[in-house]
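Let me begin by presenting the structure, written as C-alpha cells, before commenting on it.
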Amino acid sequence: MTERPVNPATGRGAQAPSGAAARELTHTIALLFPPSGADRDYPAVQLAFIGGVAETATTHGYDLLLTPCKSGKDPSFRRMVSERRVDGVIVMEVRREDDRIQHLAETVFPFVAIGRNSATNEVSWVDLDFAGLAGGCVRHLTELGHRRIAFVNKSKQIFTSEYGYARLGSEGYTEAMTELELTPRAYPSGDDVAAGEDVVQRILQDDPATTSLVVMNEAALEGIYRGLTRHGRSVPRDFSVVGLGASRWAEQVSPPLTAAGIPAREMSRIAVELMVERLTSPASPPRHVLLKPLITLRASTGPCRPVPDAETEPDFPDLDF
C-alpha cells in the first residue's frame, strides 16, 4: 500500500500527481506578489489578497511561501522552480509580457494566475473585469447627466510596466467615453494623499468644467477628496466620484464612495482552489473565472450641476426693447 504524504501542520493529505509528474511533495504553494506601494510595501488591498490566499491554502493542507518576485530572472525565483521547493505557484501583478509566466510555462511547472495575459490562455486564472467595470462607472455617471468625466489610474510606473489591470481599466474607460461621444481624459496618480491632491489640481487646470471622476486608485482617494474640497467642489452636490476600490477605502472616506469593490478574498479563494485542482488533477482542462461585481451605490455620486463660470458663454447681440 502506498501512503499519501500528510502535512504535519494540518494532518491533511494531498493527492500526489502520477506518472512523469510524480515527485516528492512539499505541501507548499508560492505566491509571486511584488508590492505595489511607493515605498515597496503592501497596501491594504494587497494584504487582503495575501491573507485570503494563506487562509484558503491552509484549509486545503498547504503552507504559503510569499515572494515579492517580479522578474523571471530573479535568482530566488529560478532556484525555487528548478529545485522544486514548492508544489505550485500563484502569480499576481500579471503584466502583458510577463517573463515569470514564460519561465513557468517553459519548465512545465504547475501554476495559476490572479490576472491574465495572452500567455495564460492555456492555464487556469481568475481575474476582475476591470475594463467592463470602468465602462460601467462611466455609464453610471452619464445617467446622472455628467459629460465631463476624467479617469484617475494607478501610477505612471505601474501603467508603463504593462500591469494588466491598469491597462484594462484605462481601455474600458476610453472605450465607454468614445462610444458615448465624450472626450476621454486619463491621468496617472501615485498611491498617497499628496498624489491624489496633485491629480485633482491637474484635472481642473486642464478642464475647470469637469464634474466627475472615475477613480481606479483607491490609495489616492483621500487626497482626491481633499483636493476637491480645496478647489471648492463639494461631493456629491457639485462633483461626483465613482471608482473601483476595496470596500475599506470606499466606506472610510466621507461621503462614502460609490464603487465596484475588489473581491480580494473571493479571488484568493478561487485561485487556491484552481491551484489545488491543477495539482490533484493535472490532466483537467484549465478554467478561466472572470468576476464582475456590481457597483454599490453610496453617497459620492449625484446629478450633474454645471460648474459656474467654467463654460464660455455664447455671444448674443444687444437687443433694444
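Would you look at the GNM of the chain, springs on alpha carbons closer than 10 Å, and say which of 118, 170, 268 moves the most?
Of 118, 170, 268, the most mobile in the Gaussian network model is 118.
Check cross-link reach from residue 70 to the aspartates and glutamates: straight Cα distance under 18 Å, and skip same-chain residues fewer than eight apart.
In chain and number order, the partners are 39, 41, 93, 97, 98, 99, 106, 162.
Can you find, among 195, 89, 160, the residue sitting farthest towards the positive end of the charge dipole of the range 76-217, where Lys and Arg contribute +1 and Asp and Glu -1 at Cβ?
89
Does the chain come out rounded, prolate or oblate, given a ≥ b ≥ c as the square roots of the eigenvalues of its C-alpha gyration tensor, rounded meaning a/c under 1.5 and, failing that, prolate meaning a/b above b/c?
It comes out prolate by the Cα gyration axes.
Given a 1.4 Å probe, how much area per residue of the chain is accessible, in Å²?
Normalised by residue count, the accessible surface of the chain is 49 Å².
How do the peptides 283-292, 227-236 rank, highest first, by the average count of neighbouring beta carbon atoms within 10 Å per residue?
227-236, 283-292
Return the long-range amide H neighbours of residue 296 (sequence gap of 5 or more, or a different chain), with a cut-off of under 5 Å between placed amide H atoms.
259, 260, 261
Rounded to the nearest 10 degrees, what's the angle between the helix 264-280 long axis and the longest principal axis of the chain, both from Cα atoms, 0 to 90?
Approximately 30 degrees, to the nearest ten.
On the protein heavy atoms, probe 1.4 angstrom, tell me the percent of accessible surface of the chain carried by carbon and sulfur.
Taking all protein chains in place, the chain shows 52 percent carbon and sulfur surface.
Using amide H atoms built 1.01 Å from N in the peptide plane, name the residues 5+ places from residue 240, or on other chains, whose amide H lies under 5 Å from its own.
212, 213
Looking at the chain, send over the antiparallel percent of its DSSP beta bridges, to the nearest 5.
DSSP beta bridges in the chain are roughly 10 percent antiparallel.
Rounded to the nearest 10 degrees, what's the angle between the helix 164-179 long axis and the longest principal axis of the chain, both from Cα atoms, 0 to 90?
The answer is roughly 40 degrees.
Please work out whether the range 25-116 counts as rounded, prolate or oblate from its C-alpha gyration tensor, where a ≥ b ≥ c are the square roots of the eigenvalues and a/c under 1.5 means rounded, while otherwise a/b larger than b/c means prolate and anything else oblate?
Because a/c hits 1.5 or more and a/b fails to exceed b/c, the range 25-116 counts as oblate.
Compute the long axis of helix 221-230 from its Cα atoms, compare it with the longest principal axis of the Cα atoms of the chain, and write down the angle in degrees, 0 to 90, nearest 10.
The helix 221-230 is inclined about 10 degrees to the chain.
Full extension from residue 299 to residue 39: what is 0.36 nm times the residue separation minus their Cα-Cα distance, to one decimal in nm?
90.4 nm
Looking only at 237, 185, 147, which one moves most when the chain is put into a Gaussian network model with springs between Cα atoms under 10 Å?
237
Going by Cα centres, the range 147-180 and the range 42-102 are how many Å apart?
Computed from Cα coordinates, the inter-centre distance equals 26 Å.
Roughly how many nanometres apart are two label points built 7 Å out from the Cα toward the Cβ at residue 59 and residue 85?
That separation, rounded to one decimal, is 2.8 nm.
How high is the FRET efficiency between residue 209 and residue 265 when r is their beta carbon distance and R₀ equals 41 Å, given to the nearest 0.05?
0.55
The values are calculated or read from the model by the stated rules, or taken from the named source; none is laboratory data. Because the structure is a prediction, the values reported are computed rather than measured. Cβ coordinates were reconstructed from backbone atoms using ideal geometry, including for glycine residues, and neighbour counts include every protein chain displayed. Quick note on the areas: whole protein, heavy atoms, side chains included, nothing else; ligands and nucleic acids left out. Shrake-Rupley method; radii C 1.70, N 1.55, O 1.52, S 1.80 Å.
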